[in-house]
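Notes follow the structure.
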Amino acid sequence: MARPVSDGLDEQLWRSLADDVAGLGPLVFGPEVPADERHRVDGVRYLLRFLVAGVLTCVEFSDPDDPEFVRFIDPRMSWGLDNPDCNYRLCAVDPSGTYRIWGDPGAAPVWELQANTGHFADGRATEWRCRASWGRDDLVPDGAGGFELVVGPFEPDVTHLFLREYFGDWDTRPARLTVERTDRSLPPPPDREADMRHRVDLLRTWLDDGARCWWEWGRSLAASDPAPVEPFLAPDTATGLTGQAYGMSGYRCDPDEAVVLELRPPVCRYWGVQLATWFWETASVGSRQVSLNHEQAVADPDGVVRLVVAHRDPGVANWLDAAGHTTGTVAVRYLDAEDLPPVPQHRVPLEGLRGRLHPDTALVDPVQRDASLRRRRAALQRRLSR
């Protein structure tokens, strides 16, 4: 629930914050979470990452007078079913302000900056709205390979700018951005006690409403019966990527089983499939092949992309590594698609897998798999370090 903002900072506020951190425990150790080592390890790491993301979002990078783009979702801070193919960045803004953004736009084929309402802390994702957006075509070249974009003032309920860059090839150059507020002079005013109180209260909301929102969505899908993934197109006013359709379902895969996902790619700018844990995070994105997209996957001769979820490498190029999770979420995204084909799931014994696949399905041996994972890991590090 929303927390009232008061002016004071005192020891009681700090103790209340500590109580909120302790209150996250049932999300890992409660009766609805499987009581096994895999979930305990993932859960504790997830909560620590979520705490870090909250400090960055609610406290450290929340000053609209001293703006800076922050990466608060990435493979080391995975939450909220983030897309492994995306670099996400957020910047707090004052709706009455004007902001200049400039730098290297990078070469990601999908680039969208949104001015959005709400805050990830409040857990009311269905109520957030996109009030304005800018794509690569809106960037003004500066003559030296860079760009400049001036945005604002905004509608009164806008709280932040949100940048998404989508990559099919992870070795594609990402953007390098600088942002400044142009309607105020530097240095910014010093923080007041009320400013910090507001940020701590926002962090407490993040640890309460925000954490439970994502946990409940992830738990409900992971615990649901597997079904065909049915992508749907979000409203134009939603804060998802413009033109993107989302599909989600639970999956179940025991150690001696495989799940075959049959995707018939529509004509679109991008498609991607990922596995997510009980906590709606992707597991070891770089060192495990837990996602594949339109540039990474291999289609069979009949045009169907058959992806195989399994705990052990089945020797299939399109393996999705279950990473020890017998239940979780499978998510599908289509961008600017002409149609939205569903993705059926077929659960089969691992020893009978080949009989479910196309005779000419692309195969890999252990040496090729190791080399492929090393390339994937290196490309992700380069994408995130630039």
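Among the candidates 302, 313, the residue that is at pLDDT 95 or above and over 21 Å from residue 370 (Cβ atoms) is uniquely 302. Of the residues making up segment 212-234, those that are among the small types (Gly, Ala, Ser) and either on the phi > 0 side of the Ramachandran plot or in a helix (DSSP H, G or I) (or both) number 3.
Residue 29 - would you say it is surrounded by 14 or more Cβ atoms within 10 Å (Cβ to Cβ), of a type in the set (Phe, Trp, Tyr) and farther than 20 Å from residue 323 by Cα? The answer is no for residue 29. Of note, residue 38 satisfies the criterion of being surrounded by fewer than 19 Cβ atoms within 10 Å (Cβ to Cβ), on the phi < 0 side of the Ramachandran plot, among the charged types (D, E, K, R) and in contact (Cβ under 8 Å) with a residue 60 or more places away in the chain. Taken over segment 184-218, the residue count meeting the criterion of being hydroxyl-bearing (Ser, Thr, Tyr) and under 30 Å from residue 250 (Cβ atoms) is 1. Mind checking whether some residue in segment 134-157 is within 23 Å of the chain's Cα centre (by Cα), within 30 Å of residue 269 (Cβ to Cβ), small (Gly, Ala, Ser) and part of a strand (DSSP E or B)? Yes, some residue in segment 134-157 is within 23 Å of the chain's Cα centre (by Cα), within 30 Å of residue 269 (Cβ to Cβ), small (Gly, Ala, Ser) and part of a strand (DSSP E or B).
Residue 6 versus (1) surrounded by 15 or more Cβ atoms within 10 Å (Cβ to Cβ); (2) at pLDDT below 90: which is the lone unmet condition? So residue 6 meets the others, but not (1).
Yes or no, residue by residue, for (1) assigned by TED's automatic domain parsing to the domain that holds residue 304; (2) touching a Phe, Trp or Tyr at 6+ places or on another chain (Cβ under 8 Å); (3) part of a loop (DSSP other than H, G, I, E, B); (4) not charged (D, E, K, R):
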| position | (1), (2), (3), (4) |
| --- | --- |
| 348 | yes, no, no, yes |
| 351 | yes, no, no, no |
| 354 | yes, no, no, no |
| 358 | yes, no, yes, yes |
| 380 | yes, yes, no, yes |
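Taking the listed residues 225, 195, 191, the one that is modelled with pLDDT under 95 and not assigned by TED's automatic domain parsing to the domain that holds residue 113 is 225, with no other qualifying. Residue pairs whose Cβ atoms lie under 6 Å apart, separated by 6 or more positions or on different chains, with the first residue in segment 49-72 and assigned by TED's automatic domain parsing to the domain that holds residue 25 and the second part of a helix (DSSP H, G or I) and of a type in the set (Val, Ile, Thr), are 72/57.
Residues in segment 265-281 that are touching a His at 6+ places or on another chain (Cβ under 8 Å) and within 19 Å of residue 82 (Cβ to Cβ): 270, 271, 272, 275, 277, 278. With respect to residue 194, is the statement that it is farther than 26 Å from residue 260 by Cα and in a loop (DSSP other than H, G, I, E, B) true? Answer is no for this residue. The C-beta contact set for segment 128-156 (first residue at positive phi, second residue surrounded by 11 or more Cβ atoms within 10 Å (Cβ to Cβ) and part of a strand (DSSP E or B), distance under 6 angstrom, 6+ apart or interchain) comprises 152/99. Candidates in segment 68-94 are the residues that are polar (S, T, N, Q) and assigned to a loop (DSSP other than H, G, I, E, B); of these, the one that is farthest from residue 271 (Cα to Cα) is 78.
Restricted to segment 248-289, and to residues that are over 19 Å from residue 227 (Cα atoms) and among the aliphatic types (A, V, I, L, M), which residue is farthest from the chain's Cα centre (by Cα)?
So the first thing to find is which residues in segment 248-289 are over 19 Å from residue 227 (Cα atoms), and the list is 255-256, 266-271, 279, 281-289.
Retained after the next criterion (residues that are among the aliphatic types (A, V, I, L, M)): 267, 283, 285.
Details: 267: 23, 283: 12, 285: 11 Å.
If we take residues in segment 248-289 being over 19 Å from residue 227 (Cα atoms) and among the aliphatic types (A, V, I, L, M), then 267 is farthest from the chain's Cα centre (by Cα).
If the condition is being touching a Phe, Trp or Tyr at 6+ places or on another chain (Cβ under 9 Å) and among the charged types (D, E, K, R), then segment 139-157 contributes 142, 148.
Conditions tested, residue by residue: (1) of a type in the set (S, T, N, Q); (2) surrounded by fewer than 16 Cβ atoms within 10 Å (Cβ to Cβ); (3) farther than 19 Å from residue 75 by Cβ.
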| residue | (1), (2), (3) |
| --- | --- |
| 286 | no, no, no |
| 291 | yes, no, no |
| 294 | no, no, yes |
| 311 | no, no, yes |
| 330 | no, no, no |
| 353 | no, no, yes |
| 364 | no, no, yes |
| 368 | yes, yes, yes |
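Per the listing 121, 125, 175, 108, the residue uniquely crowded, with 20+ Cβ neighbours inside 10 Å, touching a residue at least 40 places away in the same chain (Cβ under 8 Å) and touching a Cys at 6+ places or on another chain (Cβ under 7 Å) is 121.
The values are calculated or read from the model by the stated rules, or taken from the named source; none is laboratory data. The model shown is predicted, which means the values in this text are computed figures rather than measured ones. In this analysis, Cβ positions are derived from the backbone assuming ideal geometry, glycine residues included, and neighbour counts consider all displayed protein chains.
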